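The values are calculated or read from the model by the stated rules, or taken from the named source; none is laboratory data. Owing to the predicted nature of the structure, the values given are computational and were not obtained by experimental measurement. Reconstructed Cβ throughout: ideal geometry from the backbone, glycine too, with neighbour counts over all protein chains shown. Side chains included, ligands, DNA and RNA excluded: accessible areas come from the protein's heavy atoms. Shrake-Rupley method; radii C 1.70, N 1.55, O 1.52, S 1.80 Å.
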Amino acid sequence: MSSDPAARAAELRRLIEFHLYRYHVLDDPEIPDSAYDALYDELQAFEHAHPQLVTPDSPTQRVGAPPAAGFTKVAHLLPMGSLEKVTTDDGLTKWADDVRKRLGTDEPVAYVVEPKIDGSAISLVYENGAFVRGATRGDGMRGEDVTANLRTVEAVPLRMLAVGNERPPALLEVRGEVYFPRSGFRRFNEAQAAAGKKEAPNARNAAAGSLRQLNPAITAERPLSVWIYGAGARTDGTGPDAHYAMLQWLRERGFRTNPRVERVESIEEVAAVVAGWEQGRDELDYEIDGVVIKVDSFDQQRRLGALHERPRWARAYKWAPMTATTTLLKIAVRVGRTGALNPWALLEPVEVGGVTVSRATLHNEEDINRKGIREGDRVIVQRAGDVIPQVVGAAGEHAPGTHEFRMPSHCPLCGVEIVKPEGEVKHHCPNRACPSRGLETLINWVSAAMDIEGVGEQFVRRLWDLGLLRSMPDLYRLRAERIGELEGYGEISAAKIVDAIELSKSQPFSRILFGLNIPDVGWITGRNLARHFGHIDRLLAASLDEIEECEGIGPDRAESIAEWFKDPENRSLVQELRDLGLRFETGEEDRPVEGRLTGQQFVITGTLTEYTRETATAALEGRGAKVSDSVSAKTTALIVGEEPGASKLKKAEKAGTPILTEADLRALLSDRP
Ligand code: IVH
């Protein structure tokens, strides 16, 4: 350690820059956060004692500028163009043919394939290694000077990293995309909601909005990051003569380039890499709306040139967008199998990610009104994977004559007065005999619990309306002849349905326990009960205390389970299903497997967007982990989705249990190294 104050300050700065680089660019921190914080604190204290030693590029000076009145326009050193897009492999091949024709058919062409980041485009200018100006894209010729805000983004180096004795170039402009990591975006919106502020409809808007804050201190609070995807204007002779090598060169000098970028030597390989990106896009911690394919050689790029500021040497391969804007025609309410009132949106049909969407889930009254969505409004709809589409927010002002949504005061099915238990977000129909419960239990039974092929909600509703189906045993007594008489079914399809229903009798005990609609027994508790008791007879005979001994079952839940099994009607339902040949005994499927996550135990709370509870549980258990319903000392981490349960969160926070977001879960489940 140096005793000369100026030297020590310089040393601390160099260390801090190096560790920021390890953390943000290499994604491979060398020291724990606490050690980094200690270095930072030391520099800050040091600069406080020796103010003359503060330099503008000191890491402590990221948030320094006072709020501005507006942004100054700046002319870009070179125009910031845009990309021509293709949407099919065919379009890709046509482009490659054009490239080859222009360059000469014998000349080999290598391509670079990189993610098309769905954020906000930026230009960063470095003079003699120091960051001097950052700007938005604007109209491509002139953008807005957002230097003060970009300085607050830790992944933007304030100084280029020194490589050996190399002198930094007099001028280097790099270009990239500022974005909001998915995990941070989720947290940001939660905080907005908690503060009663408007949530951002998507991560791109949130990134663009954060970049254009007049007060840099606000930008500094947002967990923005940046991917650098290329060099712009630069002093002659700076860096290598091809794009892929340039990205490596930039990375070595402190810029956060994407490590998954690939260089390939044929257009066929390009197509394969593109397909891989599309497959894996949900697993990334940033949103991409496609990939960008660039001709690697700068010489070839120059010879190809551009047309209307769109380079002939690059294409954006864009996928169908996963969000769309449409009109919310009506907010309808459905009573679930537990009596909970679930609002859903009837939408003007719209295409989202290649699928026509006309319904979407809404969570509850509070959530609908916080998002500010009303019947008649234009709204933004989002789809992720195979999960039911969601309305994420309003797309503009309210339509005239609209009013805030209110839950019905009486059950739309049985007319009983609706209640909203203290501390809960959902309204409930308290009537245990409400027809909705029977119907929804059956729907849940055929789809989620028993997963009967060809038998879904529509089939159940139809037979329910005809009075042919009132309970689970009815299902197993359906005759093919009767189904065949229904319009739209023939002898063959009817026989198939009966076969599928018959086949479902061999589904594991845990699924049956879940499907019975015992209050508070979801997928996970069903599995735990099956494992613990092994046979229905033991469960039927169990005392309250014995039920409580089962993993993840507290006194309240034990009581509702015991009560359910005491009810003669429920006992006869169980008996009937046993007589019909369903499995009431634990088999191989219910036993734990060994895997990468063996020994770890997770709890999931709230709604996940890309997984259902079941798929997340199955994925974790398939890797050896245990999934339980309540937080305890044994819990490895709590996985938090939308609308998490307050008690689970509180318990986890109190116990210091790590909290994982859905993005963390995705990363945890990703089997890639
Ligand atoms: S190269 C001449 N590479 O997409 C333009 N752009 O239409 C060359 N973008 O707003 C741009 N990821 O900010 C390039 N890997 C990537 C990109 C990328 C996202 C954005 C870019 C611009 C738009 C181009």
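Assorted remarks:
- Only one of the numbered conditions (1) assigned to a strand (DSSP E or B); (2) out of contact with any Lys or Arg (no Cβ under 6 Å at 6 or more places or on another chain); (3) of a type in the set (Gly, Ala, Ser) is not met by residue 69, and that is (1).
- Matching residues in segment 531-558 - criterion: being part of a loop (DSSP other than H, G, I, E, B), under 34 Å from the mean Cα position of the chain (by Cα) and surrounded by 18 or more Cβ atoms within 10 Å (Cβ to Cβ): 550, 551, 552, 553
- Residue in segment 341-360 that is touching a helix residue (DSSP H, G or I) at 6+ places or on another chain (Cβ under 9 Å), open to solvent by less than 60 Å² (accessible area, probe 1.4 Å), within 29 Å of residue 515 (Cβ to Cβ) and assigned to a loop (DSSP other than H, G, I, E, B) present: no
- Yes/no for residue 70 being modelled with pLDDT under 95, open to solvent by less than 50 Å² (accessible area, probe 1.4 Å) and either within 16 Å of the ligand (Cβ to nearest atom) or touching a His at 6+ places or on another chain (Cβ under 6 Å) (or both): no
- On inspection, residue 212 qualifies as among the charged types (D, E, K, R), touching a residue at least 60 places away in the same chain (Cβ under 8 Å) and in contact with a helix residue (DSSP H, G or I) (Cβ under 8 Å, 6 or more places away or on another chain).
- Where strands (runs of 3 or more DSSP E) fall entirely within segment 559-673, those with at least 1 residues that are open to solvent by 30 Å² or more (accessible area, probe 1.4 Å) are at 626-628.
- Answer from 498, 521 - the residue that is open to solvent by less than 50 Å² (accessible area, probe 1.4 Å) and modelled with pLDDT of 95 or more: 498
- First in segment 296-315 and modelled with pLDDT of 95 or more and part of a strand (DSSP E or B), second anywhere and open to solvent by less than 30 Å² (accessible area, probe 1.4 Å) and not aliphatic (A, V, I, L, M), Cβ under 6 Å, 6 or more apart: 314/294; 315/95
- Scan of segment 309-320 for residues that are away from the ligand (no atom under 11 Å from the Cβ) and either surrounded by fewer than 17 Cβ atoms within 10 Å (Cβ to Cβ) or not aromatic (Phe, Trp, Tyr) (or both), ordered by number: 320
- Condition broken by residue 456, with the remaining ones in (1) within 35 Å of the chain's Cα centre (by Cα); (2) in contact (Cβ under 8 Å) with a residue 24 or more places away in the chain satisfied: (2)
- Index of the failed condition, residue 274 passing every other in (1) under 30 Å from residue 19 (Cα atoms); (2) within 14 Å of the ligand (Cβ to nearest atom); (3) of a type outside the set (S, T, N, Q); (4) in a helix (DSSP H, G or I): (1)
Conditions tested, residue by residue: (1) over 30 Å from residue 294 (Cα atoms); (2) within 13 Å of the ligand (Cβ to nearest atom).
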site	(1), (2)
196	yes, no
202	no, no
209	no, no
216	yes, no
219	yes, no
225	no, no
228	no, yes
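- From the options 293, 368, residue that is over 30 Å from residue 471 (Cβ atoms), within 16 Å of the ligand (Cβ to nearest atom), open to solvent by less than 30 Å² (accessible area, probe 1.4 Å) and touching a Phe, Trp or Tyr at 6+ places or on another chain (Cβ under 6 Å): 293
- Residue within segment 252-263 that is free of Cβ contacts under 8 Å to residues at least 12 places away in the same chain and away from the ligand (no atom under 13 Å from the Cβ) present: no
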